[in-house]
Amino acid sequence: MKKLIPKFEHVAQAVIPPHQFILRLAHSGIIAAVLIAVSLSIGMLGYHLLVGLNWIDAFLNASMLLGGMGPVNTPVSFGGKLFAGLYALYCGLVVILVAGVLLAPVAHRILHRFHMEGRR
């Protein structure tokens, strides 16, 4: 688990070179892509099994919710409505989490540079 979480440099350390920063961004991008793929798979499975949509419609609904656009097909069963509501809440949290994972290296680098400039 420790290898999944990128390790940022300490305040006393110098700012990493650009090629290492690009690798850090790529690492964060891979984590975000895996999180999106897992979330999309959960949504597709739920829409297929609980709502009764075929796979392409389940993909459409899951990706629209994950993208923040809203569902295309409205579920009619109790289980389908419950899943759709819980999945919509989950998707809102995933969007925030993915944004944090992608922006953390950039924010850290900016703040670290400001801190290093203050030490000169």
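The figures follow:
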| read-out | value |
| --- | --- |
| First in region 91-110 and over 14 Å from ILE30 (Cα atoms), second anywhere and of a type in the set (Gly, Ala, Ser), Cβ under 6 Å, 6 or more apart | VAL94/SER39 |
| Qualifying residue in region 76-89 (condition: part of a loop (DSSP other than H, G, I, E, B) and under 19 Å from the mean Cα position of the chain (by Cα)) | no |
| Cross-chain or 6+ apart pairs with Cβ under 8 Å, region 18-39 first and of a type in the set (D, E, K, R), then open to solvent by less than 40 Å² (accessible area, probe 1.4 Å) | ARG24/PRO6; ARG24/ILE16; ARG24/PRO105 |
| Of the criteria (1) modelled with pLDDT under 95; (2) under 30 Å from PRO18 (Cα atoms); (3) among the β-branched types (Val, Ile, Thr), which one THR74 fails | (2) |
| Unmet requirement for ILE5, which otherwise passes all of (1) open to solvent by less than 80 Å² (accessible area, probe 1.4 Å); (2) in a loop (DSSP other than H, G, I, E, B) | (1) |
| SER63 being open to solvent by 60 Å² or more (accessible area, probe 1.4 Å), within 24 Å of ALA99 (Cβ to Cβ) and in a helix (DSSP H, G or I) | no |
| First in region 60-71 and under 14 Å from TYR90 (Cβ atoms), second anywhere and at pLDDT 90 or above and open to solvent by 40 Å² or more (accessible area, probe 1.4 Å), Cβ under 6 Å, 6 or more apart | ALA62/MET44; LEU65/ALA88 |
| Qualifying residue in region 25-43 (condition: modelled with pLDDT under 95, over 25 Å from ILE96 (Cβ atoms), open to solvent by less than 50 Å² (accessible area, probe 1.4 Å) and not in a loop (DSSP other than H, G, I, E, B)) | no |
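The values are calculated or read from the model by the stated rules, or taken from the named source; none is laboratory data. Given the structure is predicted, the values throughout are model-derived calculations rather than measurements. Methodologically, a virtual Cβ is constructed for each residue, glycine included, from the backbone with ideal geometry; neighbour enumeration extends over all protein chains shown. The area values use the complete protein model at the heavy-atom level, side chains included, leaving out ligands, DNA and RNA. Shrake-Rupley method; radii C 1.70, N 1.55, O 1.52, S 1.80 Å.
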